[in-house]
Amino acid sequence: MLILNSVHSYYGKSHILQGVQLHVQKNQIATLLGRNGAGKTTTLKTIMGLIQTRDGEIIYKGKQIMGLKSFEIARGGIGYVPEDRKIFSDLTVVENLEIASKKNGRWNLARIFDMFPKLEERENHKGKQLSGGEQQMLAIARALVNEPDLLLLDEPSQGLAPLIVNELSKIFTELKDEGITILLVEQNLDLCLKIADYHHVIDQGKIIFQGSQSEFFEHPEIKDRYLSLCSVENVT
């Protein structure tokens, strides 16, 4: 569904992504793992056309999307939930959803509230009145109402209590069952190993490992060398 082929990205003159090779198959939860500053967020922003690229290819559903505007990429079926969520703090939950929704889409309010019952309870509350977990759910829901086939999630569990993280993990699995493909950037390795099918590890702007869940476990040196700051406790 998504292929990055030798992608190079820059912040000004700083060369951040250095020939990234990455692929995500349809109906898969794939992760992008690495330490802070490794290039994870830059990769997602590059896919969304938010970062300057000079070389390589980004292929989505067989079509080149590098060079397209961000709104064109979103319209093509890629949803993006940034690390800072970017909800409208002075709009209510319903208003945040309505402003992003497509007419006659399958992700209508009823379906959103079925998947996120806490949002229904808070539907008339403004974004700034929500807890961190509720804001994250709203950010994901807002991406869904734009009818994506691929969802890019940047650190969705950051700063959230374990109970909320567990709830999010169930939601991500349900989204996969609904036919939505997910590329997940995440520091919480426990979460990743519970739900993901495939892993990519990035370091200094280069993919240094990619493989299935079983292949990841066959290479403990990858975890020890590149993911030493991530949690790997209580994996089931």
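Quick notes
- Taking every residue in the stretch 178-197 that is touching a residue at least 24 places away in the same chain (Cβ under 8 Å) and pairing it with any residue that is of a type in the set (Asp, Glu) and not in a loop (DSSP other than H, G, I, E, B), at least 6 positions away or on another chain, the pairs with Cβ-Cβ distances below 7 Å are Val185/Asp154.
- Among the residues of the stretch 27-77, the one identified as buried (at least 20 other Cβ atoms within 10 Å of the Cβ), polar (S, T, N, Q) and in a strand (DSSP E or B) is Thr31.
- On inspection, Leu33 fails the criterion of being on the phi < 0 side of the Ramachandran plot and without any contact (Cβ under 8 Å) to a residue 24 or more places away in the chain.
- Residues of the stretch 101-132 that turn out to be among the aliphatic types (A, V, I, L, M), in a loop (DSSP other than H, G, I, E, B) and either surrounded by fewer than 19 Cβ atoms within 10 Å (Cβ to Cβ) or in contact with a Cys (Cβ under 8 Å, 6 or more places away or on another chain) (or both), as a count: 0
- Of all residues in the stretch 159-174, those that are more than 30 Å from Ser6 (Cβ to Cβ) and touching a residue at least 12 places away in the same chain (Cβ under 8 Å) total 11.
- Scan of the stretch 42-78 for residues that are without any contact (Cβ under 8 Å) to a residue 40 or more places away in the chain, under 17 Å from Leu17 (Cβ atoms) and hydrophobic (A, V, I, L, M, F, W, C), ordered by number: Leu50, Ile65, Ile73
- Check on Thr181, modelled with pLDDT of 95 or more, of a type in the set (Val, Ile, Thr) and touching a Lys or Arg at 6+ places or on another chain (Cβ under 7 Å): yes
- Single residue of Leu22, Leu32, Leu91, Leu44 found to be touching a Lys or Arg at 6+ places or on another chain (Cβ under 9 Å) and closer than 19 Å to Glu186 by Cα: Leu32
- Pair list, Cβ under 6 Å, 6 or more apart: the stretch 79-91 residue modelled with pLDDT under 90, other residue among the small types (Gly, Ala, Ser): Arg85/Ala139
- You will find that of Met66, Met48, the residue that is of a type in the set (A, V, I, L, M), out of contact with any Phe, Trp or Tyr (no Cβ under 7 Å at 6 or more places or on another chain) and within 25 Å of Asn27 (Cβ to Cβ) is Met66 and no other.
Every residue, every condition in (1) at pLDDT below 95; (2) out of contact with any Cys (no Cβ under 8 Å at 6 or more places or on another chain); (3) over 20 Å from Pro82 (Cβ atoms), yes or no:
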| residue | (1), (2), (3) |
| --- | --- |
| Ser157 | yes, yes, no |
| Ile164 | yes, yes, no |
| Thr173 | no, yes, yes |
| Glu186 | yes, no, no |
| Tyr198 | no, yes, yes |
| Lys206 | no, yes, yes |
| Gly211 | no, yes, yes |
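- Contacts under 6 angstrom Cβ, first residue in the stretch 4-28 being at pLDDT 95 or above, partner among the acidic types (Asp, Glu), 6 or more apart: Asn5/Glu57; His8/Asp55; Gln28/Asp197
The values are calculated or read from the model by the stated rules, or taken from the named source; none is laboratory data. Given the structure is predicted, the values throughout are model-derived calculations rather than measurements. Cβ: placed from backbone, ideal geometry, glycine included. Neighbour counts: every protein chain shown.
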